[in-house]
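Asker: Please find one structure pasted underneath; my questions will follow.
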Amino acid sequence: TRSTRPQRLLNAVRKHATRGDPQSVISAIDHFCRHSEWAMNIGDEKGSILDSVVSELNPEKVLELGTYCGYSTVRIARLLPPGARLITLEFNADYAAIARQVIAWAGLEDRVQLVEGASEDWIPRMKEHFGIETFDFVFLDHWKDRYLPDTKLMEDCGLLRKGTVLLADNVICPGVPDYLQYVRNSLSYKSCYFKSHLEYTKAEDGLEKSVFLG
Ligand SMILES: Cc1ncnc2c1ncn2[C@@H]1O[C@H](/C=C/CNC(=O)c2cc(-c3ccc(F)cc3)cc(O)c2O)[C@@H](O)[C@H]1O
Ligand SMILES: [Mg+2]
């Protein structure tokens, strides 16, 4: 049977990246997506903005919604101190299997917990199942119509604290109008837009950084 694009992406990582070297995994995926097959990773340009937000925050507890192949998981986890934890949710078993191998190739499995399942099922279980009080940083990159309901769910589950940072991918392309309207008009958030480009293209896209004010 024909391989899938995530399988071909993993093959490119195994062929061109060095085990235990996260930067080489990131570069191998970016090269594959720029020169072989486009894939919906945050990419190098928006990825640098993600890096700067994570580095400035130095978060201990991180949640990622939508693992896909693990590209942004590797970008975030490589910047975390060893005691920090990144929980990433992915409900597609095939993507989860690829992402586990990408994360392992980068040598970051000790900092990452990939949970197979839907965000709406797992967000309410973060406290009792993972012993998480609140998250310091949340990266949203899953189905775009899930950003707003999941943000409200995280609020309702008490998973956000004063200062928790939400960073949302694709706020222009494909776009998340209901989420943007919410975080930009709610008195509970201080929000700002980082203009960039859709991964591996010249199209406009950007990231929205929203700080929960409690
Ligand atoms: C509720 C729930 N729970 C758990 N996992 C969940 C979940 N909902 C989705 N997932 C998972 O997350 C990923 C989905 C990512 C969706 N991302 C995009 O659709 C996306 C699209 C583009 C794009 C832009 C221009 C185009 F012309 C075409 C595509 C760019 C992007 O950067 C994207 O992120 C995928 O791995 C999916 O299984
Ligand atoms: Mg995205």
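A quick yes/no check of all residues on (1) away from ligand 2 (no atom under 16 Å from the Cβ); (2) free of Cβ contacts under 8 Å to residues at least 24 places away in the same chain; (3) of a type in the set (Ser, Thr, Tyr):
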residue	(1), (2), (3)
Ala17	yes, no, no
Ala28	yes, yes, no
Ala39	no, no, no
Gly47	no, no, no
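Asker: Scan region 69-95 and report the pairs whose first residue is more than 15 Å from Leu140 (Cβ to Cβ) and whose second residue is basic (Lys, Arg) and within 15 Å of ligand 1 (Cβ to nearest atom), with Cβ atoms within less than 8 Å and a gap of 6+ or a chain change.
Answerer: Going by the 8 Å Cβ cut-off, the qualifying pairs are Gly70/Arg100.
A quick yes/no check of all residues on (1) within 13 Å of ligand 1 (Cβ to nearest atom); (2) crowded, with 20+ Cβ neighbours inside 10 Å:
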{"residue": "Lys15", "(1), (2)": "no, no"}
{"residue": "Ile26", "(1), (2)": "no, yes"}
{"residue": "Gly43", "(1), (2)": "yes, yes"}
{"residue": "Ser48", "(1), (2)": "no, no"}
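Asker: Please give the strands (runs of 3 or more DSSP E) falling wholly within region 125-214 in which 2 or more residues are free of Cβ contacts under 8 Å to residues at least 60 places away in the same chain.
Answerer: Qualifying strands (runs of 3 or more DSSP E): 160-168, 189-197, 204-212.
Asker: Here is a follow-up. With respect to the numbered conditions (1) surrounded by fewer than 21 Cβ atoms within 10 Å (Cβ to Cβ); (2) touching a Lys or Arg at 6+ places or on another chain (Cβ under 7 Å); (3) of a type in the set (S, T, N, Q), which one is the sole condition not fulfilled by Asn92?
Answerer: (2)
Asker: Can you find, within region 71-89, the residue that is surrounded by the most Cβ atoms within 10 Å (Cβ to Cβ) among those that are within 13 Å of ligand 2 (Cβ to nearest atom) and not aromatic (Phe, Trp, Tyr)?
Answerer: Per the criteria, the residue is Thr73.
Asker: A further question on this structure: Among the candidates Ala106, Ala97, which residue alone is crowded, with 24+ Cβ neighbours inside 10 Å, more than 24 Å from Leu166 (Cβ to Cβ), more than 13 Å from the chain's Cα centre (by Cα) and more than 16 Å from ligand 2 (Cβ to nearest atom)?
Answerer: Within the list Ala106, Ala97, the selection yields Ala106.
Asker: For the condition part of a strand (DSSP E or B) and of a type in the set (A, V, I, L, M, F, W, C), what is the one hit in Val102, Val115?
Answerer: Result of the check over Val102, Val115: Val115.
Asker: Which is within 13 Å of ligand 1 (Cβ to nearest atom), closer than 25 Å to Glu56 by Cβ and either surrounded by fewer than 15 Cβ atoms within 10 Å (Cβ to Cβ) or at pLDDT below 95 (or both), of Glu120, Glu199, Glu204?
Answerer: Working: Glu120 fails: closer than 25 Å to Glu56 by Cβ; Glu199 fails: either surrounded by fewer than 15 Cβ atoms within 10 Å (Cβ to Cβ) or at pLDDT below 95 (or both).
Exactly one of Glu120, Glu199, Glu204 is within 13 Å of ligand 1 (Cβ to nearest atom), closer than 25 Å to Glu56 by Cβ and either surrounded by fewer than 15 Cβ atoms within 10 Å (Cβ to Cβ) or at pLDDT below 95 (or both), namely Glu204.
Asker: With respect to Leu159, determine if the residue is surrounded by 21 or more Cβ atoms within 10 Å (Cβ to Cβ) and either over 16 Å from the mean Cα position of the chain (by Cα) or more than 13 Å from ligand 1 (Cβ to nearest atom) (or both).
Answerer: yes
Asker: Same structure again: Which numbered condition in (1) under 19 Å from Leu198 (Cβ atoms); (2) in a loop (DSSP other than H, G, I, E, B); (3) within 12 Å of the chain's Cα centre (by Cα) is the only one that Leu50 fails?
Answerer: Here Leu50 clears every test but (2).
Asker: Can you confirm whether region 89-99 contains a residue that is in a strand (DSSP E or B) and either touching a Pro at 6+ places or on another chain (Cβ under 7 Å) or modelled with pLDDT of 95 or more (or both)? Let's see the steps before the verdict.
Answerer: Going residue by residue through region 89-99, those that are in a strand (DSSP E or B) are 89-90.
Those still in the list that are either touching a Pro at 6+ places or on another chain (Cβ under 7 Å) or modelled with pLDDT of 95 or more (or both) too: 89-90.
Yes, some residue in region 89-99 is in a strand (DSSP E or B) and either touching a Pro at 6+ places or on another chain (Cβ under 7 Å) or modelled with pLDDT of 95 or more (or both).
Asker: A follow-up question, please. Being among the acidic types (Asp, Glu), within 11 Å of ligand 1 (Cβ to nearest atom) and surrounded by 17 or more Cβ atoms within 10 Å (Cβ to Cβ) is true for just one of Asp136, Asp145, Asp150. Which residue is that?
Answerer: The conditions single out Asp150.
Asker: Scan (1) of a type in the set (S, T, N, Q); (2) more than 18 Å from Thr18 (Cα to Cα); (3) within 15 Å of ligand 1 (Cβ to nearest atom) for the single condition Asn58 breaks and write down its number.
Answerer: The one condition Asn58 does not meet is (3).
The values are calculated or read from the model by the stated rules, or taken from the named source; none is laboratory data. Keep in mind the model is a prediction, meaning the values are calculated, not measured. Ideal geometry is used to build each Cβ from the backbone, glycine not excepted, and the neighbour counts take in all protein chains shown.
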